[in-house]
1. Looking at ALA23, is it small (Gly, Ala, Ser), at pLDDT 85 or above, surrounded by fewer than 17 Cβ atoms within 10 Å (Cβ to Cβ) and not in a loop (DSSP other than H, G, I, E, B)?
2. Regarding segment 122-136, can at least one residue be identified that is assigned by TED's automatic domain parsing to the domain that holds TYR173, under 24 Å from GLU202 (Cβ atoms) and free of Cβ contacts under 8 Å to residues at least 40 places away in the same chain?
3. Given the conditions (1) of a type in the set (Ser, Thr, Tyr); (2) within 60 Å of the chain's Cα centre (by Cα); (3) at pLDDT 90 or above, and given that TYR106 satisfies all but one, which numbered condition is not satisfied?
4. Collect the residues in segment 396-413 that are surrounded by 16 or more Cβ atoms within 10 Å (Cβ to Cβ) and either in a helix (DSSP H, G or I) or modelled with pLDDT of 95 or more (or both), keeping them in residue-number order.
5. Among the residues in segment 288-311, are any assigned to a helix (DSSP H, G or I), modelled with pLDDT under 90 and under 52 Å from the mean Cα position of the chain (by Cα)?
6. Restricting attention to segment 329-342, does a residue exist that is surrounded by 13 or more Cβ atoms within 10 Å (Cβ to Cβ) and closer than 21 Å to PRO429 by Cβ?
7. Being more than 54 Å from the chain's Cα centre (by Cα) and under 20 Å from GLY85 (Cβ atoms): is that true of THR139 here?
8. Which numbered condition trips up THR212, out of (1) within 60 Å of the chain's Cα centre (by Cα); (2) assigned by TED's automatic domain parsing to the domain that holds VAL150; (3) at pLDDT below 85?
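The values are calculated or read from the model by the stated rules, or taken from the named source; none is laboratory data. Every value quoted in this text rests on a predicted model; they were computed, and no experiment measured them. Note: ideal-geometry Cβ built from the backbone for every residue, glycine included; neighbour counts use all protein chains shown.
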Amino acid sequence: MIRPKSYATPRLLAVLITIVVIATHQYLPPKILALYPDTERLSWIYSPHSEGAEPTDWIDRSINHFRCNYAPGDAYSCGWSLNLGPDRTTGIDLSAYDGLNIFIHYKGNAPRIRLSLRDFDPSFSDIEKYDTTSKVMSTAIRTSDLNQPVYVQLSEFSVAEWWVTEFDIARQYSAPSMNNAIALGLDFNVYSNNEIRVEKIEAVGQWIKKETLYFSIISFWMMLIVTEVLGRFYFIYKQTKADAQRINNLVSEYKKLEVEKQQFEALSTTDVLTGVMNRAGVQQFLQRLFESNFSRNQMGVMLFDIDYFKKINDSFGHDAGDQVLSEIARIINEQVRHTDIFGRWGGEEFILICSQISEERLITLADKLREVIEQHGFVIDGQPIKVTVSIGATKVNATETFETVFKRADRALYNAKNNGRNQVQFAQP
């Protein structure tokens, strides 16, 4: 794919090619078609006396040297004609040529000589009457210009008005046309005595006409411009598609990172042993809660401590202690609401933050949790053991910090443990 920055090279090359083509076009040799002499083309003269019979006015037929005397009283003018095609209806296409190079030697007193062309077209020409119904076109050359090469442009030829009128030719066929020129001739239409020798007649044109060349150059540049525009659009499309893919990849990577981040955050805020929040997770929640404008008047906090937990570890081992911790965490987590925040604060301590709860309901819930744990049947290595917890609870005032609330709940927990354990102590705010 051509990138935009590389378009300069093709454009420069195109400019150089255009300059070279325009500069060299005028030096191209002309396209030439020899009409006479040509051994395959037949010619004859006609005079007012012969009326189509064997002419008697040839001086030297081998070089087309003849006399043409047109006197008053003659029924017809005299002249010379050259067949351009193999038959009476098949000629040559002169439309690709610009003019005729003519070299005629002349002696006489006529001011002009008439040069004519006949074009056969089945649209208006009759095969049986080709000599009269074929289109007649002519132009005049001053005899003073003869005896030297003369260039006659084909655009100088005009259709004979008598022919249009006599054969009632439709307007669309009355313009000059040379697509199938069957005959080329010359004659005199004024009374005169003339001696003519036709030396050379050839059609001359350009291999590439200027208008064709310029049209081709314009078309070439249009194609180049369109190609460049399409190339730019294609590059932009590919670039946009690649950018979109990169964006999609980045979004995908971002989502993946978000998932991994959430997973890491979950791991970093989850207690591996019990599966509930760890201290860091609870603190993150508390930080957002106490830094917001959320009303904290109906909040309560509980601190749990497993009674004689060190004795369980010493008696049954740390695996048993871990089992007890996990079991208590599961029991409490099943009893609280999904809007409550429950986590392991550290060691054998747990914390529960309850929203939208009254003082009475807080105390009732704390005692219920204590009782459920007390009545739960813990089994260690097949041996049932009794496990209890002490709970310190308190309510939260709107203006308090968590540190203040926590210290108050911790004092209540301390009192519960000092007063015999397996009980709930409530500290008033």
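1. no
2. There is at least one residue in segment 122-136 that is assigned by TED's automatic domain parsing to the domain that holds TYR173, under 24 Å from GLU202 (Cβ atoms) and free of Cβ contacts under 8 Å to residues at least 40 places away in the same chain.
3. Among (1) of a type in the set (Ser, Thr, Tyr); (2) within 60 Å of the chain's Cα centre (by Cα); (3) at pLDDT 90 or above, the lone unmet condition for TYR106 is (2).
4. Across segment 396-413, the qualifying residues are PHE402, VAL405, PHE406, ARG408, ALA409, ASP410, ALA412, LEU413.
5. There is at least one residue in segment 288-311 that is assigned to a helix (DSSP H, G or I), modelled with pLDDT under 90 and under 52 Å from the mean Cα position of the chain (by Cα).
6. Yes: segment 329-342 contains one or more residues that are surrounded by 13 or more Cβ atoms within 10 Å (Cβ to Cβ) and closer than 21 Å to PRO429 by Cβ.
7. In short, no.
8. Single failed check for THR212: (2).
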